[in-house]
């Protein structure tokens, strides 16, 4: 990450990460490890992954606020597991460690992103946590799910109202259309953070790290 006016939005995808690097009125698409994306020149990097974990069974305030705002779509925000889960070697062990810390068992969806959480936590300071569905709804109304043709069209139109763009062909890495749209939504939030206009949900300190979701 370097100090310039470019911003980078990052979303997890099969096999790694996808990034949308916005500089001026253009966007370039990238895929690979998180370290490789963070080597790109960007003033702000916004990423859809927890950047701070609780040490006990408490829910992160930012996730509670995000789920409340999303209403019927709240299930798109997973509750972050306790920090102890990062040392688990299996889904079953993750649930044991989570319960021992005072939380509940770990869902398979959460377990599947634990390696990405670990990757983000060692990436160093400077990342901004966001959530694409919050970003989309801040851009405008959403009426359809992201996996539907109508939902993709809505999200594409909302992002195009901010930045005219074309989805990459072929897709970067193993990223889907949804992954690319989510990465660009994260870049939109990164631009708001850079300009000082972003909204911050549920900021608190967890295990020495700032926990918040930025919109």
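Observations, loosely collected:
- Only one entry of 146, 116 meets the criterion of being under 21 Å from residue 12 (Cβ atoms) and at pLDDT below 95, and that entry is 146.
- Residue-level analysis places residue 45 among those that are under 27 Å from residue 208 (Cα atoms) and either in contact with a helix residue (DSSP H, G or I) (Cβ under 7 Å, 6 or more places away or on another chain) or buried (at least 18 other Cβ atoms within 10 Å of the Cβ) (or both).
- When 104, 27 are checked against the criterion of being farther than 20 Å from residue 123 by Cβ, assigned by TED's automatic domain parsing to the domain that holds residue 174 and in contact with a helix residue (DSSP H, G or I) (Cβ under 8 Å, 6 or more places away or on another chain), a single residue qualifies: 27.
- In the stretch 152-164 there is no residue matching the filter, namely being in contact with a strand residue (DSSP E or B) (Cβ under 8 Å, 6 or more places away or on another chain), at positive phi, in contact (Cβ under 8 Å) with a residue 12 or more places away in the chain and not in a helix (DSSP H, G or I).
- Any hit, the stretch 187-197, residues being in the same structural domain as residue 36 (by TED's automatic domain parsing), in a loop (DSSP other than H, G, I, E, B), under 14 Å from the mean Cα position of the chain (by Cα) and within 14 Å of residue 48 (Cα to Cα): no
Results for (1) without any contact (Cβ under 8 Å) to a residue 40 or more places away in the chain; (2) surrounded by fewer than 18 Cβ atoms within 10 Å (Cβ to Cβ); (3) in contact with a strand residue (DSSP E or B) (Cβ under 8 Å, 6 or more places away or on another chain); (4) not in a helix (DSSP H, G or I), shown as yes or no for each residue.
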{"residue": "37", "(1), (2), (3), (4)": "yes, no, yes, no"}
{"residue": "53", "(1), (2), (3), (4)": "no, no, yes, yes"}
{"residue": "57", "(1), (2), (3), (4)": "no, yes, no, yes"}
{"residue": "64", "(1), (2), (3), (4)": "no, yes, yes, no"}
{"residue": "93", "(1), (2), (3), (4)": "yes, yes, no, no"}
{"residue": "97", "(1), (2), (3), (4)": "yes, no, no, no"}
{"residue": "128", "(1), (2), (3), (4)": "no, no, yes, yes"}
{"residue": "141", "(1), (2), (3), (4)": "yes, yes, no, yes"}
{"residue": "144", "(1), (2), (3), (4)": "yes, yes, no, yes"}
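- For the stretch 117-126, a residue qualifies if it is assigned to a helix (DSSP H, G or I) and out of contact with any helix residue (DSSP H, G or I) (no Cβ under 8 Å at 6 or more places or on another chain), but none of them does.
- Residue within the stretch 170-178 that is closer than 14 Å to residue 18 by Cα, in a helix (DSSP H, G or I) and either at pLDDT 95 or above or out of contact with any strand residue (DSSP E or B) (no Cβ under 9 Å at 6 or more places or on another chain) (or both) present: yes
- Residues located in the stretch 76-87, provided they are assigned to a helix (DSSP H, G or I) and touching a helix residue (DSSP H, G or I) at 6+ places or on another chain (Cβ under 8 Å): 76, 84, 85, 86, 87
The values are calculated or read from the model by the stated rules, or taken from the named source; none is laboratory data. Computed from a predicted structure; not experimentally measured. FYI the Cβ positions are ideal-geometry reconstructions off the backbone, even for glycines, and counts take in every protein chain you see.
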